[in-house]
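The values are calculated or read from the model by the stated rules, or taken from the named source; none is laboratory data. Every value quoted in this text rests on a predicted model; they were computed, and no experiment measured them. Using ideal geometry, Cβ is built from the backbone for each residue, glycine included, and neighbour counts are taken over all protein chains shown. Keep in mind that these areas ignore ligands, DNA and RNA; they rest on the heavy atoms of the full protein, side chains included. Shrake-Rupley method; radii C 1.70, N 1.55, O 1.52, S 1.80 Å.
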Amino acid sequence: MKAIQIDEFGDADVLRIAETPEPVLRPADLLVRVRAAGVNRADLTQRRGGYGRADFGDSTIMGLEVAGEVIAIGPEAAGFALGDRVMAVTGGGGYAEIARIDHRMAMPVPPHLNFIQAAAIPEVFVTAHEALFHLAELQPGESALIHAASGGVGSAAVQLAHAAGARVCATAQAGKLDRVRGLGADIAIDHRTQDFAEVAAKETDGRGLDVIIDFIGAPYI
């Protein structure tokens, strides 16, 4: 099969198309014919050597999310049939014609989505969903502050929080605030010219927020 490989860390010109063996099906796996692959910040960081290694252990090929059709099913994999359209998070290997996926990391592609749209969903929406609902236990009617709201996970978090009935405050660069509002933010804050803590306090009459999704870390803490 064809795959995108890197022989050294660097800019986009280190990427090359090469022939490589197809992945071996394990008992709990699906093999998927990849129709589209997502490109994440983690991929860019990996390509540049930011993790200090060329892969995450499951594959030497880059790519953490894909969409495509199931072409093989392991004996312990359940819930899918040959030909099913799926989108999934991978342990690497997405930048290839065929990807190997643990069946527990795969989801059916909704009928109204094409493969390109579907391939952009798993990594960011699963991450945002886990943060908002599994960890923070956001409830309808509560308020959430989402930092870096114009990025991949941030924009997914804005949409999910809005859909769940939360009041959404979001920080982003000034030129991206209209887009963030369009995704569902009730309050859009320019992080360069406004103090988000002051804005949040004012907008909540000093009560504060129920949930904060923070991608920035130390400077904001």
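Only one of these is over 23 Å from ALA120 (Cβ atoms) and either touching an Asp or Glu at 6+ places or on another chain (Cβ under 6 Å) or free of Cβ contacts under 8 Å to residues at least 12 places away in the same chain (or both): ARG53, ARG33, ARG16, ARG26. Name it.
From the options ARG53, ARG33, ARG16, ARG26, the qualifying one is ARG53.
I'd like to check something: does segment 115-127 contain any residue that is part of a loop (DSSP other than H, G, I, E, B) and either within 20 Å of PRO23 (Cβ to Cβ) or open to solvent by less than 30 Å² (accessible area, probe 1.4 Å) (or both)?
From segment 115-127, those part of a loop (DSSP other than H, G, I, E, B) are 120-121; that's our starting set.
Now drop any that are not either within 20 Å of PRO23 (Cβ to Cβ) or open to solvent by less than 30 Å² (accessible area, probe 1.4 Å) (or both), which leaves none.
No.
Taking GLU203 as the residue in question, decide whether it is among the charged types (D, E, K, R), closer than 30 Å to ALA36 by Cα and either open to solvent by less than 40 Å² (accessible area, probe 1.4 Å) or out of contact with any His (no Cβ under 6 Å at 6 or more places or on another chain) (or both).
In short, no.
Got a sec? Which strands (runs of 3 or more DSSP E) wholly within segment 131-221 have at least 2 residues that are touching a residue at least 24 places away in the same chain (Cβ under 8 Å) and within 30 Å of LEU44 (Cα to Cα)?
Values: elements: 143-146, 167-172, 187-190, 211-213.
Strands (runs of 3 or more DSSP E) meeting the threshold: 143-146, 167-172, 211-213.
Please verify whether VAL109 is out of contact with any His (no Cβ under 9 Å at 6 or more places or on another chain), under 30 Å from ALA200 (Cβ atoms) and aliphatic (A, V, I, L, M), treating the condition exactly as stated.
In short, no.
Please find, among ALA12, ALA36, the residue that is closer than 21 Å to GLY83 by Cα and within 23 Å of the chain's Cα centre (by Cα).
ALA36
Scan segment 139-156 for residues that are open to solvent by less than 10 Å² (accessible area, probe 1.4 Å), aliphatic (A, V, I, L, M) and over 10 Å from the mean Cα position of the chain (by Cα) and jot them down.
Those that are open to solvent by less than 10 Å² (accessible area, probe 1.4 Å), aliphatic (A, V, I, L, M) and over 10 Å from the mean Cα position of the chain (by Cα): ALA144, LEU145, ILE146, ALA149.
Go through segment 182-199 residue by residue and tally those that are under 25 Å from VAL39 (Cβ atoms) and in contact with a strand residue (DSSP E or B) (Cβ under 7 Å, 6 or more places away or on another chain).
So in segment 182-199, the residues under 25 Å from VAL39 (Cβ atoms) come out as 182-185, 191.
When the remaining residues are screened for being in contact with a strand residue (DSSP E or B) (Cβ under 7 Å, 6 or more places away or on another chain), the result is 184-185, 191.
Final tally of qualifying residues: 3.
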